[in-house]
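S.K.: Structure below; questions to follow.
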Amino acid sequence: MPTDLPPLSRKIAVEVLVHGPQSRAQLAKKMGLSPATVTRIVKPLVEMGVLVESDAIRTPGRGRSSLPLDVVADDYRFVGVKLTADSIYGVVTDLRAVVLDSETAPVPSFDVADVLGAVVALVERLRARAGRALHGVGVTVGGVVEKGETVADSPFLHWHEVSFRSLLAGEIDIPLYLANDVVGLTRAQQWFGHGRAWPHFALLTIGAGIGYGLVINDEVVPTLVSPFSHFPVDPHGPLCPVGHRGCMTAYATSAAISAAVSFGRREEVSYDEVLQLAEDDDPVATRVVGEAAYALGRATAAVTSLTGVERIVLSGEGIAIAELAPSALRAGRHAYDGGRTSALEPVIRPMDFHEWARGAAVIAIQEVFP
């Protein structure tokens, strides 16, 4: 696949991939280019097979510009792998990140060699079932990933300065890409998900950790993990594991929520049990979930205030708190706005871990195409 395309050629190819079949005339209008310029740019893309001409729109008096251009998504296969503390989630997708196959394997231990072997075995099983060559493999992990090469810090896997991409590359003969898991999920939403129609949006995730992704002018903006996961909500609130008082981690992670309810009820309560208790109007669970939703609302307001981005997508394996306590979420959003915060309500989209693995596949898709 060509990798040295001019910026305009790449832009047109990506436009067709993300938004579907379009004629040359439609592309010219959307991108502010002359029809002649689009025709000139598209010709080599068609010759190289990056784009194809689909069935002609038979309209009298119209010429070549009415031929829709598309990609052949099924000609491509990508694997996405998402690592968690408990499991390894893998998917096979086509070029438009449609999931064609999936598998989950246990994390044997936190030993790097053990995880490496389990990931390689999972990729090989997915490759065998795909029945054709893979164009790329994306791997994502919660924590700090530096330069697409090193897991600098992963509190979930207890890894520090692990050159995981190079280790994988020594075992798998396919182009490999490593990234933070929230970056992968953000990119999936940008091209193929709930952010596709928005040039500016933010993604906030809650679960085992707190995640933050930001897209401005259709570009993913690099964001740091720790500052947002420890965004202060209440200086008199509970302590997080690193000693911050009243931060997002102390209020909204699944572990913090479970611990608060367990303390209040004087018995061990899992996160799923907390959600059920809150749904059943248990007073302890209802209060804890409400406080977590309020904290999440404060975080969304901060993102909008600091970036100007109004469309916010809320997700992650713990996002059910937003659905259980919508009034608390809204109260947090409007606590300090003086009535001036955007009326655009956050989009709540629960996603399982295979959706995170799909995000890992999109990391590879964006690197490879076109």
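The values are calculated or read from the model by the stated rules, or taken from the named source; none is laboratory data. Just so it is clear, the structure is predicted and the values come from calculations on it, not from any experiment. Neighbour counts run over all protein chains shown; Cβ positions are idealised from the backbone, glycine included.
S.K.: Is there a residue being over 24 Å from the mean Cα position of the chain (by Cα), outside the structural domain of Val46 (by TED's automatic domain parsing) and under 30 Å from Arg10 (Cβ atoms) anywhere in segment 123-131?
M.R.: yes
S.K.: Suppose we filter Leu329, Leu275 for residues that are in a helix (DSSP H, G or I), in the same structural domain as His236 (by TED's automatic domain parsing), surrounded by 18 or more Cβ atoms within 10 Å (Cβ to Cβ) and over 23 Å from the mean Cα position of the chain (by Cα); which single one remains?
M.R.: So the residue among Leu329, Leu275 that is in a helix (DSSP H, G or I), in the same structural domain as His236 (by TED's automatic domain parsing), surrounded by 18 or more Cβ atoms within 10 Å (Cβ to Cβ) and over 23 Å from the mean Cα position of the chain (by Cα) is Leu275.
S.K.: Scan segment 281-316 for residues that are within 25 Å of Trp198 (Cα to Cα) and outside any helix (DSSP H, G or I) and jot them down.
M.R.: Gly308, Val309, Glu310, Arg311, Ile312, Val313, Leu314, Ser315, Gly316
S.K.: Please state which one of Leu134, Leu167, Leu185 is in contact with a helix residue (DSSP H, G or I) (Cβ under 6 Å, 6 or more places away or on another chain) and part of a loop (DSSP other than H, G, I, E, B).
M.R.: Leu134
S.K.: Which condition breaks for Val162 when tested against (1) modelled with pLDDT of 95 or more; (2) of a type in the set (A, V, I, L, M, F, W, C); (3) buried (at least 24 other Cβ atoms within 10 Å of the Cβ); (4) within 26 Å of His230 (Cα to Cα)?
M.R.: Going through (1) modelled with pLDDT of 95 or more; (2) of a type in the set (A, V, I, L, M, F, W, C); (3) buried (at least 24 other Cβ atoms within 10 Å of the Cβ); (4) within 26 Å of His230 (Cα to Cα) one by one, Val162 breaks only (3).
S.K.: Listed residues Ala97, Ala85; which is closer than 30 Å to Ile206 by Cβ, in the same structural domain as Phe156 (by TED's automatic domain parsing) and at pLDDT below 95?
M.R.: Exactly one of Ala97, Ala85 is closer than 30 Å to Ile206 by Cβ, in the same structural domain as Phe156 (by TED's automatic domain parsing) and at pLDDT below 95, namely Ala85.
S.K.: Are any residues in segment 1-41 surrounded by 16 or more Cβ atoms within 10 Å (Cβ to Cβ), in contact (Cβ under 8 Å) with a residue 60 or more places away in the chain and outside any loop (DSSP other than H, G, I, E, B), and if so, which ones?
M.R.: Residues satisfying the conditions are Ser9, Arg10, Ala13, Val14, Leu17.
S.K.: Take the residues of segment 200-238 that are closer than 14 Å to Ala295 by Cα and without any contact (Cβ under 8 Å) to a residue 12 or more places away in the chain: which is surrounded by the fewest Cβ atoms within 10 Å (Cβ to Cβ)?
M.R.: His236
S.K.: Does Val46 qualify as being among the β-branched types (Val, Ile, Thr), within 25 Å of the chain's Cα centre (by Cα) and not in a loop (DSSP other than H, G, I, E, B)?
M.R.: no
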